1. Could you list all residues from the range 34-68 that are farther than 19 Å from residue 79 by Cβ and surrounded by 11 or more Cβ atoms within 10 Å (Cβ to Cβ)?
2. In a strand (DSSP E or B), under 14 Å from the mean Cα position of the chain (by Cα) and touching a residue at least 60 places away in the same chain (Cβ under 8 Å), is that true of residue 128?
3. Every residue in the range 113-124 that is free of Cβ contacts under 8 Å to residues at least 60 places away in the same chain and surrounded by 13 or more Cβ atoms within 10 Å (Cβ to Cβ), please.
4. State all residues of the range 72-115 that are in contact with a strand residue (DSSP E or B) (Cβ under 9 Å, 6 or more places away or on another chain), in a helix (DSSP H, G or I) and either farther than 19 Å from residue 9 by Cα or modelled with pLDDT under 95 (or both); if no residue qualifies, say none.
5. Mind listing whichever residues of the range 21-33 are over 15 Å from residue 64 (Cβ atoms) and surrounded by 17 or more Cβ atoms within 10 Å (Cβ to Cβ)?
6. If residue 10 satisfies all but one of (1) surrounded by 13 or more Cβ atoms within 10 Å (Cβ to Cβ); (2) farther than 16 Å from residue 125 by Cβ; (3) at pLDDT 95 or above, what's the number of the condition it fails?
7. Do the conditions hold for residue 15, that is, is it crowded, with 16+ Cβ neighbours inside 10 Å, in contact with a strand residue (DSSP E or B) (Cβ under 6 Å, 6 or more places away or on another chain) and farther than 15 Å from residue 126 by Cβ?
């Protein structure tokens, strides 16, 4: 993708407060200074608050912090309004936790991803990138 291609666009990152999210946000605001909006979608309010201390709204007015869970389709519908590109990085990843809580992993990793696809289709999102370390 050309550097200019994200400038002027609205991007949403699920799992935005995770390790990938932090690096992705830093890269986007450095390499695409004219990005219109970068929405950090995460269910973890503490991590969002901590991230706001590093990437604050006064220095980075293009950032939006949006609390929500990929399991909640209606919340995704609201978050995806006006979004051009989605990067889907939200997932549960720890194998021991998955072995003990398999239905929670299915709800997030499988059904949550289905919700992402549906919200993208419903909101005419132009491109989606789905990541997985699983």
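The values are calculated or read from the model by the stated rules, or taken from the named source; none is laboratory data. All values derive from a computational prediction rather than experimental measurement. Here the Cβ is made from the backbone with ideal geometry for all residues, glycine too, and neighbour counts use every protein chain on show.
1. 34, 50, 54, 56
2. Working: in a strand (DSSP E or B): yes; under 14 Å from the mean Cα position of the chain (by Cα): yes; touching a residue at least 60 places away in the same chain (Cβ under 8 Å): no.
Spelling it out, it is not the case that residue 128 is in a strand (DSSP E or B), under 14 Å from the mean Cα position of the chain (by Cα) and touching a residue at least 60 places away in the same chain (Cβ under 8 Å).
3. If we filter the range 113-124 for residues that are free of Cβ contacts under 8 Å to residues at least 60 places away in the same chain, which is where we start, we get 113-115, 117-124.
113, 115, 117, 118, 119, 120, 122, 123 - these are the residues of the range 113-124 that are free of Cβ contacts under 8 Å to residues at least 60 places away in the same chain and surrounded by 13 or more Cβ atoms within 10 Å (Cβ to Cβ).
4. 75, 112, 113
5. 22, 32
6. Among (1) surrounded by 13 or more Cβ atoms within 10 Å (Cβ to Cβ); (2) farther than 16 Å from residue 125 by Cβ; (3) at pLDDT 95 or above, the lone unmet condition for residue 10 is (2).
7. no
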